[in-house]
């Protein structure tokens, strides 16, 4: 048996124009825990999906135990002893633990034999690794931590020697996460090889032997965990990017226009996504919310703009309540001067099959100036759309074209034009430059600063740290649903990176 | 969602591909004709001749088309909101009451225009009411509207049988139907319209409801594409998330859309009852509610497509009747097959040929074929 | 008392069994398909196609069994069309089901007219080409035993073999669903196809198998209509049974044993409606037959509205599976 459990050589994978994995090399020694860390979109999950047979690499070689293998389907991966715990669990919710563990590995056409085998095997695994779980419990009645344990059991039941965990702690409480780490260490002692994908530095430091850092589709470094520091990793992860230069004068903050107090939001599964968040945004300043995607930013924005109900807390728009826990209505808030550029441009900010001019009134479609008698005033709407097209340099300059046919940058300009040209008092902007070309980024950034200089209160959410740093007057960092720190734009990338990875600054200083 | 969004010229997307789908449906239908030992080409000639060869044929074709315009519009309006109203049949059937009751009550002393007006309102109101319950259950309790509207078709049928063998049947009569309406319950024919085109014929059932159907088409077009309500309906139909963002009340729009859909289906009852039979009888809808599904799919839910699609099906109904004289093997049931094939190829399999056409275009013009990664993205 | 004798009479239960057998077959057919995540409102059409093919082949061959095979083949063919549209091409399952209903409704009459020239009917089947009532062993022998005798010989015995098949399919379906590997995977794929896919099982092939079983059972249901209950095919002879079966499936919350009870209930309503025609119900008076006819649909709507329990369909039902990421 080779000492190297997994070896990836020159893996490349593109999706259309996006080069998700670029000439990746990776070696994972047997019986170790190997961390792979990187920001969202760095290509970690793509790489692991290639290893598990979800995708085929465009080029490159995979060696398991020193032997070159081809993995076309999850079945192949399972046969080579690879198991995967997905970020979103692949469990049948109304099945029992036993049924889920057996699914796809039933041993025989009839279940009876398989059931007793599985029961015995679960019993053994429970004894060996302390993976306790009631085999007859129904998945949907189990807490998330136990559901994840079932995923691990599934992999072990199939004889996995290599276990890949994709962001395993995203849904866990700290106590559950610690328990998971204990289990992982135990598995390692039994000779299993573990690959842990995460964006949390603390986890890397706590549990891994080696760590590889990915950035923008490439593997930038591999270190022994004992010989590196969180600072070094944070820097490798974020990279030393040239700060985009944005001409920006001093902020001139005025009255508080938006204030949020003790806001808590749960998602449909009952998981707390926003946890007791409070902050203010003043007229004439840009407040940036930094953080890795999925730390509650989306839910925070949706609650403030009236799209999602909050569990508790209050929010005031220009001193008047928004009604975040009940009565909030996006339309009414728009009327009161709140503009919202949503992060999900394709499904929320725009209706892609609509013609451009139709999208230029989305949310403002009952405004008097667009209505004449019982009808929409098409001339007024189209004239208005043409003016915006000119002012925002939207191309092609044809308001009768389907929105789906515009490029990402121009689609975003359509949304910005709609939201900014209404003279709002508060502008909430989420991921303003996601999927947008460089030329448009500069334009969008300029417009956001102009808004500030006109005395609007701007709340900016972005996972692009550069963007946050170059635009914001104050920076809040969100992690696990909470605001974990406030910094000035002068804060270093390393400092912000640590906060974003859930490492408190005191800890880092030690 | 499922298929990557490959950009094709609009005329391919909205013209060529639907046309090819339709062609495939008719080729398969032709094969069925061949199977029963007749010539598809001869059958097609007979059909076109039967439908358009005489003023009488045209009259019947347009009479049937009138029904299908209403039911096609009904299905289309619901489609725009992302709803599948399979209950047009039942809504039209029960709305027969909204036509027959005013006629029975008013026909002896009021002129037809007044009775017509009341009947229009009556049929629309009852059709809307019959659609309201499934709509409300969908909007408020999440009951699948396809299933509830199917159930409501059957319930409507039971209600109508009950009424027609009971309360609505004149005493002493055996037939399950109302009495024949007097003059006030008869709609004027449109023979003059046909005569304008030089056809001089004996009377056909084509009546003023046809004009009402054209008006309804215009109204639906204006409603869907020119009013705030239509804008909200389409936003919700394309993207519930965008609707929520825009502050559109989802439940309200679902209920209103379904009621409009039900009202349109209901108005279909005017045509056979007041325009032709002059009484309410069992099963007068004869599947027109279901033909509406094929018409809406074929007409791409736009009145400009629905009217020709309805006329095509009117032609199939009328021409099909003509064929059966000369080809005893081919009865009107052939139309039911064609209807099914159109729904299959223009609806369920509408994307089947898209990749092929895309590749074809790609090989002809490589530069025009870019896969829009932004649209093909997640979710 | 005469009233109770009427509605609880042996003959009512006897006809209940006859009426519910095809419902049950179609309902179980739908159960396989919908449990796998493929909605099917084309049960009606598949049944009709089966009825026509069965009667035609039965007449031509003179053999009931060949007729049954033809019925199954025709219905499975339509099921495959549904699979092709909704599994392979990820088309709208409702639209596809509607299409199949029409294609089947038209084809039977057109082909029937072309082949037999009896206005779309098939010729009357001779006895040997039908599934006749069979007497179970000792039916006559114990018919005089009090209580058990009449029930055994009068109610249980004396049905077509297809009736016994339909009721036998209830425990068999239960067993397949909950005791076999195929059943486990079938239930899983209707709830979370991604879980099945990551477990290395083909979602497409699994769903096709479910759809084929659905077709086969609808074929048997159709054969029962034209070769057991009647002696030949007539236009629209399924008369909405496919939709009642769909209602029963919802009513049964997609469970085999419940499906049997739902079909028996709907069958009973049908049987009772016939004996009560023109008769008074105590304290209620005259109840029109249409009330009984509409009752299955009304009950289903009430159930769907969530007023009596909650009918939760398989989670992935109606949604084509697209590999994500």
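The values are calculated or read from the model by the stated rules, or taken from the named source; none is laboratory data. All figures in this text were calculated on a predicted structure; none of them were measured in a lab. Every residue, glycine as well, gets a Cβ built from its backbone with ideal geometry; the counts of neighbours run over all protein chains shown.
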Self-check item: Any strands (runs of 3 or more DSSP E) falling wholly within segment A:248-310 and containing at least 3 residues that are in contact with a strand residue (DSSP E or B) (Cβ under 8 Å, 6 or more places away or on another chain) and surrounded by fewer than 21 Cβ atoms within 10 Å (Cβ to Cβ)
Solution: A:256-266, A:272-282
Quiz prompt | Single residue of segment C:112-130 satisfying the filter (within 30 Å of residue B:292 (Cβ to Cβ) and out of contact with any helix residue (DSSP H, G or I) (no Cβ under 7 Å at 6 or more places or on another chain)) that is farthest from the other protein chains (Cβ to nearest Cβ) | solution = C:113
Exercise. Consider only pairs whose beta carbons are under 8 Å apart and that are at least six residues apart or on different chains; among these, list those whose first residue lies in segment C:302-323 and is within 9 Å of chain B (Cβ to nearest Cβ) and loosely packed, with under 15 Cβ neighbours inside 10 Å and whose second residue is modelled with pLDDT under 80 and part of a loop (DSSP other than H, G, I, E, B).
Key: C:322/B:1; C:322/B:2
Exercise. Hey, can you tell me all the residues within segment C:281-301 that are in contact (Cβ under 8 Å) with a residue 60 or more places away in the chain and either within 14 Å of another protein chain (Cβ to nearest Cβ) or touching a strand residue (DSSP E or B) at 6+ places or on another chain (Cβ under 6 Å) (or both)?
Key: none
Exercise. Out of the residues in segment C:140-175 that are in contact with a strand residue (DSSP E or B) (Cβ under 7 Å, 6 or more places away or on another chain) and not in a strand (DSSP E or B), state the one that is surrounded by the fewest Cβ atoms within 10 Å (Cβ to Cβ).
Key: C:161
Quiz item: If you check residue B:291 against the conditions, is it facing chain C (nearest Cβ under 10 Å), buried (at least 24 other Cβ atoms within 10 Å of the Cβ) and in a helix (DSSP H, G or I)?
Solution: yes
Quiz item: Taking strands (runs of 3 or more DSSP E) that do not extend beyond segment A:162-226, which have at least 3 residues that are modelled with pLDDT of 85 or more and crowded, with 22+ Cβ neighbours inside 10 Å?
Solution: A:162-166, A:193-198, A:210-215
Quiz item: Residues of segment B:307-321 being modelled with pLDDT of 95 or more and crowded, with 24+ Cβ neighbours inside 10 Å, which ones?
Solution: B:310
Quiz item: residue A:447: buried (at least 22 other Cβ atoms within 10 Å of the Cβ), touching a residue at least 12 places away in the same chain (Cβ under 8 Å) and not in a loop (DSSP other than H, G, I, E, B), yes or no?
Solution: no
Quiz prompt | Any hit, segment C:91-111, residues being surrounded by fewer than 18 Cβ atoms within 10 Å (Cβ to Cβ) and part of a helix (DSSP H, G or I) | solution = no
Quiz item: Do you know which residues across segment B:134-158 are within 7 Å of another protein chain (Cβ to nearest Cβ) and at pLDDT 90 or above?
Solution: B:137, B:148, B:150, B:151, B:154, B:155, B:158
Exercise. Could you list all residues from segment A:322-333 that are in a helix (DSSP H, G or I) and either closer than 12 Å to residue A:304 by Cα or more than 7 Å from every other protein chain (Cβ to nearest Cβ) (or both)?
Key: A:330, A:332, A:333
Exercise. Pick out the one residue from B:304, B:296 that is touching a helix residue (DSSP H, G or I) at 6+ places or on another chain (Cβ under 8 Å), within 22 Å of residue C:98 (Cβ to Cβ) and either modelled with pLDDT under 90 or assigned to a helix (DSSP H, G or I) (or both).
Key: B:296
Quiz item: In segment A:420-432, is there at least one residue being at pLDDT below 90, closer than 15 Å to residue A:342 by Cβ and under 22 Å from the mean Cα position of the chain (by Cα)?
Solution: no
Practice problem: Keeping to segment A:57-79, report how many residues are within 12 Å of chain C (Cβ to nearest Cβ) and surrounded by fewer than 21 Cβ atoms within 10 Å (Cβ to Cβ). | Solution: 5
Practice problem: Could you tell me whether residue B:363 is in contact with a strand residue (DSSP E or B) (Cβ under 8 Å, 6 or more places away or on another chain) and either modelled with pLDDT of 80 or more or part of a helix (DSSP H, G or I) (or both)? | Solution: no
Exercise. Scan (1) in contact with a strand residue (DSSP E or B) (Cβ under 6 Å, 6 or more places away or on another chain); (2) facing chain C (nearest Cβ under 10 Å); (3) more than 22 Å from residue A:194 (Cα to Cα) for the single condition residue A:136 breaks and write down its number.
Key: (2)
Quiz item: Exactly one of (1) modelled with pLDDT of 90 or more; (2) out of contact with any strand residue (DSSP E or B) (no Cβ under 8 Å at 6 or more places or on another chain); (3) assigned to a loop (DSSP other than H, G, I, E, B) is unmet by residue C:68. Its number?
Solution: (3)
Exercise. From the list A:119, A:149, pick out the single residue that is away from every other protein chain (no Cβ under 14 Å) and more than 31 Å from the chain's Cα centre (by Cα).
Key: A:119
Quiz item: Which residues, counting only those in segment A:97-114, are more than 8 Å from chain C (Cβ to nearest Cβ) and buried (at least 18 other Cβ atoms within 10 Å of the Cβ)?
Solution: A:97, A:98, A:101
Quiz item: Taking segment C:172-202 on its own, how many of its residues are under 25 Å from the mean Cα position of the chain (by Cα) and in contact (Cβ under 8 Å) with a residue 40 or more places away in the chain?
Solution: 8
Quiz item: Across segment C:176-210, what is the number of residues that are away from every other protein chain (no Cβ under 13 Å) and either buried (at least 24 other Cβ atoms within 10 Å of the Cβ) or on the phi > 0 side of the Ramachandran plot (or both)?
Solution: 2
Quiz item: Can you name the condition, by its number, that residue A:459 falls short on among (1) modelled with pLDDT of 95 or more; (2) touching a helix residue (DSSP H, G or I) at 6+ places or on another chain (Cβ under 6 Å)?
Solution: (2)
Exercise. Go through B:219, B:215, B:224 for me and flag whichever is within 14 Å of another protein chain (Cβ to nearest Cβ), more than 17 Å from residue B:60 (Cβ to Cβ) and surrounded by fewer than 19 Cβ atoms within 10 Å (Cβ to Cβ).
Key: B:219
Practice problem: Report whether or not residue C:87 is touching a helix residue (DSSP H, G or I) at 6+ places or on another chain (Cβ under 9 Å), crowded, with 21+ Cβ neighbours inside 10 Å, more than 8 Å from chain B (Cβ to nearest Cβ) and in a helix (DSSP H, G or I). | Solution: yes
